[in-house]
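K.L.:
My questions all concern the structure below.
The values are calculated or read from the model by the stated rules, or taken from the named source; none is laboratory data. These figures come from a predicted structure and were not determined experimentally. Cβ placement follows ideal geometry from the backbone for every residue including glycine, while neighbour counts extend to all protein chains displayed.
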């Protein structure tokens, strides 16, 4: 977990209407990140489930993004933070996320672009802003942005809404 992503999640939690339950995929707090990578304090009072493909700190359930063993339309908010680069089939993962989201649910995604290869357990991809726009096309509304140099950003972020975005969403977007 990077401090930049924690701050992004804090803004999301304080700005957007968070629907329950909140599921975080890629919740394993790897060695050296224990406690620091815990996002639960941003969602106090909300049902929060940390998911990963392996057991460990921060993980409540073992779930695979390629085939999420949850009922359709059962999740309010999905967080996939600095995880998609480790998912072999990210488009399939996003189809699964869309399937499990409630009709007005949304997902928050982030990924590194200008960043060293790092296994957790594998590192497959680097996403451009255009790539995030592409994998979020199945959502009714999406928003993509980046941090860093416009020609080689270090971070790409996105939001995908299964329904319409909140009415005051324009306040959230970068001016």
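K.L.:
Report, by residue number, each residue of the range 61-90 that is outside any strand (DSSP E or B), within 23 Å of residue 12 (Cβ to Cβ) and within 15 Å of the chain's Cα centre (by Cα). Break it down stepwise before answering.
P.N.:
Keep residues of the range 61-90 that are outside any strand (DSSP E or B), which gives 63, 65-66, 68-74, 82-90.
From what is left, the residues that are within 23 Å of residue 12 (Cβ to Cβ) are 63, 65, 68, 70, 73-74, 82-87, 90.
Those that are outside any strand (DSSP E or B), within 23 Å of residue 12 (Cβ to Cβ) and within 15 Å of the chain's Cα centre (by Cα): 63, 65, 68, 82, 83, 84, 85, 86, 87, 90.
K.L.:
A further question follows. Tell me yes or no: at least one residue of the range 164-175 is surrounded by fewer than 19 Cβ atoms within 10 Å (Cβ to Cβ), part of a strand (DSSP E or B) and without any contact (Cβ under 8 Å) to a residue 60 or more places away in the chain.
P.N.:
no
K.L.:
Another question about this same structure. Tell me yes or no: at least one residue of the range 145-157 is under 22 Å from residue 67 (Cβ atoms) and crowded, with 21+ Cβ neighbours inside 10 Å. So that I can check it myself, show each step before the final result.
P.N.:
Residues of the range 145-157 that are under 22 Å from residue 67 (Cβ atoms), as a first pass: none.
Within the range 145-157, not a single residue is under 22 Å from residue 67 (Cβ atoms) and crowded, with 21+ Cβ neighbours inside 10 Å.
K.L.:
Filter the range 148-163 down to residues that are within 16 Å of the chain's Cα centre (by Cα), assigned to a strand (DSSP E or B) and more than 15 Å from residue 84 (Cα to Cα), then give me how many there are.
P.N.:
First, the residues of the range 148-163 that are within 16 Å of the chain's Cα centre (by Cα): 155-162.
Next cut, assigned to a strand (DSSP E or B) only: 155-161.
Still in the list and also more than 15 Å from residue 84 (Cα to Cα): 161.
Summing the residues that are within 16 Å of the chain's Cα centre (by Cα), assigned to a strand (DSSP E or B) and more than 15 Å from residue 84 (Cα to Cα) in the range 148-163 gives 1.
K.L.:
Does residue 110 fit the bill of being assigned to a loop (DSSP other than H, G, I, E, B) and either in contact with a helix residue (DSSP H, G or I) (Cβ under 6 Å, 6 or more places away or on another chain) or under 25 Å from residue 142 (Cβ atoms) (or both)? If you could, list the steps in order and put the result at the bottom.
P.N.:
Working: assigned to a loop (DSSP other than H, G, I, E, B): no; either in contact with a helix residue (DSSP H, G or I) (Cβ under 6 Å, 6 or more places away or on another chain) or under 25 Å from residue 142 (Cβ atoms) (or both): yes.
So residue 110 does not fit the description; no.
K.L.:
Something else now. Among the residues of the range 116-139 satisfying the criterion of being at pLDDT 95 or above and in a loop (DSSP other than H, G, I, E, B), which is surrounded by the most Cβ atoms within 10 Å (Cβ to Cβ)? Steps first, please.
P.N.:
Step one: of the range 116-139, the residues at pLDDT 95 or above are 127-139.
Checking the rest, the ones that are also in a loop (DSSP other than H, G, I, E, B) come to 127-128, 136-139.
Working: 127: 24, 128: 15, 136: 21, 137: 10, 138: 15, 139: 22.
Among those that are at pLDDT 95 or above and in a loop (DSSP other than H, G, I, E, B), it is 127.
K.L.:
Among what's in the range 9-27 and is farther than 12 Å from residue 107 by Cβ, assigned to a loop (DSSP other than H, G, I, E, B) and touching a residue at least 60 places away in the same chain (Cβ under 8 Å), pick the residue that is farthest from the chain's Cα centre (by Cα).
P.N.:
17
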